[in-house]
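Visitor: Structure in structure tokens, see below.
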Amino acid sequence: MVSDESKLARTAGSETEPTGVVGAGPPAGRSPEEASASAEVELMLADLVADANGEIVLFNDSGFRSLAIQTDRAVVADGRAGAHVTAAGDDVSGFQFVTFDNGLTLYFEAGLHLMLPDTTVSSPS
């Protein structure tokens, strides 16, 4: 499920599936390496620490415009969070989110361009 308001970029996919930011993708033909190289910061999903409910919150205090997350996990949902406070006590109401097939949910502030270079999209069963 993909929201039109999402700032999530998927930089790998089939030839018939669009890549890039939903609603405003980058030029076609960019490799995952090129897309990842254009990010200001790159992190590994496995290195991020989740709270007791499997939620990770990225606050963009540094004002980065783009962030690449390297993972082999599939995305099962993304969109904008409603009223929600994480187990760690962070109010993520209105944040963008992406949920992976391992149950982790990553919340990030609107305005941050999140790139997932090698992630495929799957729908929940």
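The values are calculated or read from the model by the stated rules, or taken from the named source; none is laboratory data. None of the values given here were measured: they were computed from a predicted structure. Here the Cβ is made from the backbone with ideal geometry for all residues, glycine too, and neighbour counts use every protein chain on show.
Visitor: Answer with yes or no whether Val57 is among the hydrophobic types (A, V, I, L, M, F, W, C) and part of a strand (DSSP E or B).
Guide: Judged against the criteria, Val57 is a match.
Visitor: Sticking with this one: Checking the condition free of Cβ contacts under 8 Å to residues at least 12 places away in the same chain, surrounded by fewer than 18 Cβ atoms within 10 Å (Cβ to Cβ) and farther than 15 Å from Met115 by Cα, which residue from Gly54, Gly103, Gly63 passes?
Guide: The conditions single out Gly63.
Visitor: Something else now. Look through the stretch 68-83, keep the residues that are in contact with an Asp or Glu (Cβ under 7 Å, 6 or more places away or on another chain) and part of a strand (DSSP E or B), and return whichever of them is surrounded by the fewest Cβ atoms within 10 Å (Cβ to Cβ).
Guide: Here the answer is Arg80.
Visitor: Modelled with pLDDT of 95 or more, assigned to a loop (DSSP other than H, G, I, E, B) and crowded, with 19+ Cβ neighbours inside 10 Å - does that describe any residue in the stretch 33-45?
Guide: no
Visitor: Exactly one of these conditions fails for Ser62: (1) of a type in the set (Ser, Thr, Tyr); (2) at pLDDT below 90; (3) in a strand (DSSP E or B). Give me its number.
Guide: Condition not satisfied by Ser62: (3).
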